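The values are calculated or read from the model by the stated rules, or taken from the named source; none is laboratory data. Values in this document were obtained by computation on a predicted structure and should not be read as measured data. Virtual Cβ from ideal backbone geometry, glycine too; neighbours counted across all protein chains shown. Ligands, DNA and RNA are excluded from the accessible area calculation, which covers all protein heavy atoms including side chains. Shrake-Rupley method; radii C 1.70, N 1.55, O 1.52, S 1.80 Å.
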Amino acid sequence: MSDTAIPIPPTLAAMLALAAGTFLLRLSGPALRARCTLPERAEKLLEVSAVLLLAALAATSALTEDHAFTGPARPLGVLAGGVLAWRRAPFLVVVLVAAATTALLRLAGVP
Amino acid sequence: MSYGAVAVTSGFAWWFPVLMGVLVLAASSEFLFVGIIAAGGSPIAALLAGLLVNARHLPFGLAVPDVLGRGRRKMLGTHLMNDETVVFALAQDEPERKRAAYWLCGLGILICWPAGAALGALLGSVVRDTDALGLDAMFPAVILALILPALKDKPLRRTALTAAALALTATPFLPAGLPVLLALAALPLFTVRTRKKATR
């Protein structure tokens, strides 16, 4: 995606923090249950924010590269995969078709 | 497997996705983390986004507290909590079968997910010209496939499209990683829409 090297120490630290934080989140559910229950509304909002973050990630990683539009080959490949996913094709098929479509377009000279 | 391949082709060392697979054990947050770092985003932004996505484990814990076991086993049981194990446990009626489904599925994932990542990483590092094979289209396609079931809900779909548009508009101006976090600004749109519906 990007040509810049990934700085290992801060990335590793952030990953370990994510692991620790995730474990605490997993731990706090059963612990909280004894005292109070999370309102259904808050639960729904957590779920929605996860989808929003992932939707934004899918869009930006499909369409942009280094702050600018990538060529049409990648988004078209993702679109092909998306259509198959919508029609409930198996996960592996979705991923392979996306890559193959992009590869074929590039072979044909589409950037 | 695609997760390992994607991580390696975006510049990570082969062990990183494997280690993260074992320690974090939550697919969408790992994809988000790798995606933000690969786009040149800061580790802090990747951490915040990952934690936010994993916040759903808190309500999971409220839903399945009795399958986790006790003492030391409870530590492992807690770590195994994720989308799949919770769904499998909730699908069973009797407590005994709930526990069995949860642990079988959880241990299976703990082994298969990092092993698949390692295999993918290996394949990804063998291939030289990843662009010619269209491997860069795999990552967004995986994420899209992950969220599509949730997008069948109409208010959520509209909000997600707005969120994606917001992130795209901000991409040329903001440092990498931040546009994805900015997408959360679309959240009030969802609450307004669903509240309107409720009062109608």
ask   = When only residues in the range A:33-69 that are touching a residue at least 40 places away in the same chain (Cβ under 8 Å) and more than 7 Å from chain B (Cβ to nearest Cβ) count, which is least open to solvent (accessible area, probe 1.4 Å)?
value = A:GLU65
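Can you list the helices (runs of 4 or more DSSP H) found entirely within the range B:1-84 that contain at least 2 residues being under 15 Å from A:SER61 (Cβ atoms) and touching a helix residue (DSSP H, G or I) at 6+ places or on another chain (Cβ under 9 Å)?
Helices (runs of 4 or more DSSP H) meeting the threshold: B:2-9, B:27-38, B:43-54.
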ask   = Can B:ALA101 be described as assigned to a helix (DSSP H, G or I) and crowded, with 23+ Cβ neighbours inside 10 Å?
value = no
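Here's the yes/no breakdown for (1) within 7 Å of chain A (Cβ to nearest Cβ); (2) closer than 24 Å to A:MET15 by Cβ; (3) open to solvent by 90 Å² or more (accessible area, probe 1.4 Å):
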| residue | (1), (2), (3) |
| --- | --- |
| B:ALA55 | yes, yes, no |
| B:GLY69 | no, no, no |
| B:ASP83 | no, yes, no |
| B:PRO95 | no, no, no |
Selected residue [hydrophobic (A, V, I, L, M, F, W, C) and either within 26 Å of B:PHE190 (Cα to Cα) or not in a helix (DSSP H, G or I) (or both)] from A:ALA42, A:ALA14 = A:ALA42
